[in-house]
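Heads up, the thing below is written out as structure tokens.
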There are 2 protein chains.
Amino acid sequence: MSAFPPLRHLLLRPRLPLSLQPFAPLLRPSTAVPIRRRRLRLLSSSSSSTATQDSADEVAEPPPLATGKETSVVDVNPPRGTRDFPPEDMRLRNWLFQNFREVSRLLSFEEVDFPVLESEALFIRKAGEEITQQCWRYERMTRGRRREHYQWNMDIIGVSKVRAEAELIHAIVLLFERLGVTSLDVGIRVSSRKVLQAVLQMYSIPEHLFMEVCVIVDKLGKLSREEVEKELMQAGVLLEAVKGIVEVLSLKSLSKLEEVLGSDSEAVADLKRLFSLAEHYGYSEWITFDASVVRGLAYYTGIVFEAFDRAGKLRAICGGGRYDRLLSTFGSDDIPACGFGFGDAVIVEFLKEKGLVPDIARQVEDIVFPLDVELEGPASKVVSSLRRKGRSVDLIEDKRLKWVFKHAERINASRLVLVGNSEWQRGMVRVKNLSTREEYEIKIDELC
Amino acid sequence: MSAFPPLRHLLLRPRLPLSLQPFAPLLRPSTAVPIRRRRLRLLSSSSSSTATQDSADEVAEPPPLATGKETSVVDVNPPRGTRDFPPEDMRLRNWLFQNFREVSRLLSFEEVDFPVLESEALFIRKAGEEITQQCWRYERMTRGRRREHYQWNMDIIGVSKVRAEAELIHAIVLLFERLGVTSLDVGIRVSSRKVLQAVLQMYSIPEHLFMEVCVIVDKLGKLSREEVEKELMQAGVLLEAVKGIVEVLSLKSLSKLEEVLGSDSEAVADLKRLFSLAEHYGYSEWITFDASVVRGLAYYTGIVFEAFDRAGKLRAICGGGRYDRLLSTFGSDDIPACGFGFGDAVIVEFLKEKGLVPDIARQVEDIVFPLDVELEGPASKVVSSLRRKGRSVDLIEDKRLKWVFKHAERINASRLVLVGNSEWQRGMVRVKNLSTREEYEIKIDELC
């Protein structure tokens, strides 16, 4: 017998080619398979023998399947920037996703899914040629920023009014509330791309510079003010305009913004409407106007927003905005749209910081244990009957009773069902209730 | 206003680089955005103007973001072999996955997940060099066989006894039963790699040919018997042995197998135990011995099995087996293991064939509709209050009441909540119960 309890793993994923299910993750310690890992030194294979299953002695020296490699070192860690989800992390992820789904249900959203991969041409169309040089987000990994991550996206398509943004922010607030996060922990900064657009018009900056300017000023906070100003000038914005842009972006009050842009400003009207709606929804305390919010993506056209950690420890928790022109970029008609992306990595970091990660235990209800190897048939019957009644049942064999008791307690099982010879002959099994410590015999048919 | 009801989409996926969320799927008809699609001819861009949000007249001629392309044609269909999941398909997928998860729970499995990508070195180690020439399953697509698919995997690690296989097959049977599939529709063919191994020993065929022979004989049924025999001979198996192999593989009875392999055969002992356990579990009618089952993957070492459509219309629904040597291939100790993969594509095809796909309706409970544009604030209050009470609520604005009624019926909503001026002044809203046709006024606080 192996030294660890048998593992039972379930996996639901988009799969690579059928013959390529990587078992490498099983070599990682996260799966609790206690074997050596990291950079495994595999043996040189000068002989041409391949693996067969009968030579138990050869086990310690695994015959490599690949040929032509003299000595090879295989790194079994997940590729940089990606993650394994061992059971305890997976439980947390499923809990988080259930919350994403539940909030989406409250807002009557319908779930959709698309391929992991898309044609390169579409990426180029959306983001420009340079994107093809990237692969699966090849950039510096930081806390909560990974090469592969999950994202909760909500998009409303076909609504041009600020109502859509108000709905999306409502969803975000409802999620935070469900997770136990308050508006003292998190805020949502809101602005509009129209602010910057108005400033560009004030300084007669050509329209074609708009997107570039957006991308540059989004770097405020990451780069110094001086560096951002320098980039703006390199893009062809004159010094006076640069100063004007940076000044407006530092505004934190809507009335000040109205002073600068005038009372007929679309940006101001949109933002005022959003703040008014927020009051009616009841989430005013979550949102603040902050002209410095621009978001890094070129395609936003109106209101933009991002949720941030008020303690300032983490990067944006989520972000989104209106993108009324993106679909037409692909040759369709113009369709008003807005949406947000909410990654799974930063929020988990955040919840850990705040001690808000729930303790989600494994849920095994019954452990069935035949006291004798001859009773594997009866044990099968018991297991099958309990499962048909909806119970979550594990079957343990070839262990000592003491080990089974300890294991049952460790995984928080509620009952131990012992299948013994003398009881079985009377059509009975012995049950131990692990919370009440009660022990009793029961007829198999009555066990449920 | 657009011609279609506003769409609300939710997406939960591993994401490509943050800036690369492909919106291309929104251009596909599956998402119900009524725009032209397929090979969209995008406009030539000799000018350097880029998109801004103020020029509503330009909408019909979308300014491309990419530069340097004179005229480009972008195919917005999903990459070949991949799928979009519009809401109705996604509901079906979620239903299927819930069943996968529920059965896994009954068997006390724990869910895990791993990156979509793994290091190339691991693939080579597992499947040989030629695998690196493939990309995201580049092979011929057939019905239910796609380049990207989801798969339900269950693996038991650390159990060397046939019990593990019996448990896995129990899971498969429980799933079929939940889906309404009977043993008249589906069977599970079972054999063991040890059968073939014993035959090879009978003919003194060198062990290093074992895996190759397995992969070749798995082609029986796809290739003709003559072609398979030819491939075996090309691999170095003598004619007499080839005839012997093919003969044994045609066996459909365990007693005949015992006659050929002898009573001390490990293969026969394993299979007998499995069939005995199956009887105790109560799923004997689902499984049959069939020596021709070999499975195409090189790494199986013991019992192998696959579920098949008894009507013979579809390829294997799922398959698996024991792979006690795979982990040691990577340099770890030998660890007994077995598992199966159950794709989401073939089973859905199968359920459609049998009329077993459930009709899963969208679940919107309330539609809130302000009768006057001035009432957008009060409508927000109502929406917010209902959602906090756990109701699934959509908010419709800027439509005619008649349209809203029809829409509510079409999506099967249970109530329509009308926010009107005179009622609101009395702190009331008007509710129409869409199933009973009952209509009444109610205080906002009492609405739940």
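What are the residues in region A:325-338 that are at negative phi and surrounded by 22 or more Cβ atoms within 10 Å (Cβ to Cβ), if any?
We begin by selecting, within region A:325-338, every residue at negative phi; these are A:325-330, A:332-338.
Passing the criteria: A:R325, A:L326, A:L327, A:T329, A:F330, A:I335, A:A337, A:C338.
Inspect all residues belonging to region B:266-282 and state whether any of them is modelled with pLDDT of 90 or more and over 23 Å from B:R163 (Cβ atoms). Working first, answer last.
Kept after step one, since they are modelled with pLDDT of 90 or more, are these residues of region B:266-282: B:266-282.
Okay, now just the ones that are also over 23 Å from B:R163 (Cβ atoms), so none.
Within region B:266-282, none of the residues are modelled with pLDDT of 90 or more and over 23 Å from B:R163 (Cβ atoms).
Does A:S332 satisfy the condition of being part of a loop (DSSP other than H, G, I, E, B) and either more than 8 Å from chain B (Cβ to nearest Cβ) or modelled with pLDDT under 90 (or both)?
Values: part of a loop (DSSP other than H, G, I, E, B): yes; either more than 8 Å from chain B (Cβ to nearest Cβ) or modelled with pLDDT under 90 (or both): yes.
Spelling it out, A:S332 is indeed part of a loop (DSSP other than H, G, I, E, B) and either more than 8 Å from chain B (Cβ to nearest Cβ) or modelled with pLDDT under 90 (or both).
Out of curiosity, is A:V357 of a type in the set (V, I, T), touching a Leu at 6+ places or on another chain (Cβ under 7 Å), surrounded by 23 or more Cβ atoms within 10 Å (Cβ to Cβ) and at pLDDT 90 or above? Please lay out each step first, then the result.
Working: of a type in the set (V, I, T): yes; touching a Leu at 6+ places or on another chain (Cβ under 7 Å): yes; surrounded by 23 or more Cβ atoms within 10 Å (Cβ to Cβ): no; at pLDDT 90 or above: yes.
Criteria not met by A:V357.
For a quick check of your reading: which helices (runs of 4 or more DSSP H) sit entirely within region A:344-448 and have at least 2 residues that are farther than 22 Å from B:L174 by Cα? Don't jump to the end; show me each part of the working.
Details: elements: A:344-353, A:376-388, A:401-410, A:421-425.
Because the criterion is at least 2 residues that are farther than 22 Å from B:L174 by Cα, the helices (runs of 4 or more DSSP H) in region A:344-448 that meet it are A:344-353, A:401-410, A:421-425.
Would you point out which residue out of B:G320, B:G312 is under 29 Å from A:S385 (Cα atoms), at pLDDT 90 or above and assigned by TED's automatic domain parsing to the domain that holds B:A269? Can you show your working first?
Details: B:G312 fails: under 29 Å from A:S385 (Cα atoms).
So the residue among B:G320, B:G312 that is under 29 Å from A:S385 (Cα atoms), at pLDDT 90 or above and assigned by TED's automatic domain parsing to the domain that holds B:A269 is B:G320.
Would you mention how many residues in region A:335-382 are out of contact with any helix residue (DSSP H, G or I) (no Cβ under 9 Å at 6 or more places or on another chain) and within 14 Å of chain B (Cβ to nearest Cβ)?
Residues flagged as out of contact with any helix residue (DSSP H, G or I) (no Cβ under 9 Å at 6 or more places or on another chain) and within 14 Å of chain B (Cβ to nearest Cβ) within region A:335-382 amount to 3.
If you go through region B:219-243, how many residues are under 28 Å from B:G312 (Cβ atoms) and either over 38 Å from the mean Cα position of the chain (by Cα) or part of a helix (DSSP H, G or I) (or both)?
Quick first cut of region B:219-243, residues under 28 Å from B:G312 (Cβ atoms) only: B:219-232, B:242-243.
Checking the rest, the ones that are also either over 38 Å from the mean Cα position of the chain (by Cα) or part of a helix (DSSP H, G or I) (or both) come to B:225-232, B:242-243.
Total satisfying the criteria: 10.
Hey, can you tell me all the residues within region B:173-190 that are surrounded by 20 or more Cβ atoms within 10 Å (Cβ to Cβ) and more than 17 Å from B:E349 (Cα to Cα)?
Listed by number, the residues that qualify are B:V173, B:L174, B:I188, B:V190.
To keep it simple, each residue is scored yes or no on (1) in contact (Cβ under 8 Å) with a residue 12 or more places away in the chain; (2) assigned by TED's automatic domain parsing to the domain that holds B:N433; (3) closer than 25 Å to B:R93 by Cβ; (4) of a type in the set (D, E).
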| position | (1), (2), (3), (4) |
| --- | --- |
| B:L371 | yes, yes, no, no |
| B:G377 | no, yes, no, no |
| B:V382 | yes, yes, no, no |
| B:L386 | yes, yes, no, no |
| B:G390 | no, yes, yes, no |
| B:I396 | yes, yes, no, no |
| B:R400 | no, yes, no, no |
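I need the full set of residues from region B:199-218 which are within 33 Å of the chain's Cα centre (by Cα), assigned to a helix (DSSP H, G or I) and of a type in the set (D, E), in order please. Quick ask: steps written out before the conclusion?
Our first condition is that a residue be within 33 Å of the chain's Cα centre (by Cα); within region B:199-218, this holds for B:210-218.
If we keep only those that are assigned to a helix (DSSP H, G or I) as well, we get B:210-217.
Passing the criteria: only B:E212.
Looking at this structure, is A:K252 farther than 20 Å from A:Y323 by Cα and in contact with a Ser or Thr (Cβ under 9 Å, 6 or more places away or on another chain)?
On the way: farther than 20 Å from A:Y323 by Cα: yes; in contact with a Ser or Thr (Cβ under 9 Å, 6 or more places away or on another chain): yes.
Yes: the conditions hold for A:K252.
I want to confirm something. Restricting to region A:360-370 and keeping residues that are aliphatic (A, V, I, L, M) and at pLDDT below 95, which single residue is surrounded by the fewest Cβ atoms within 10 Å (Cβ to Cβ)? It would help to see each step written out before you state the result.
The initial filter retains those residues of region A:360-370 that are aliphatic (A, V, I, L, M), namely A:360-361, A:364, A:367-368.
If we keep only those that are at pLDDT below 95 as well, we get A:360-361, A:364.
Working: A:I360: 13, A:A361: 10, A:V364: 23.
Applying the filter and picking the extreme gives A:A361.
The values are calculated or read from the model by the stated rules, or taken from the named source; none is laboratory data. Everything quoted here is computed from the prediction, not taken from an experiment. Note that we place each Cβ from the backbone using ideal geometry, even for glycine, and neighbour counts take in every protein chain shown.
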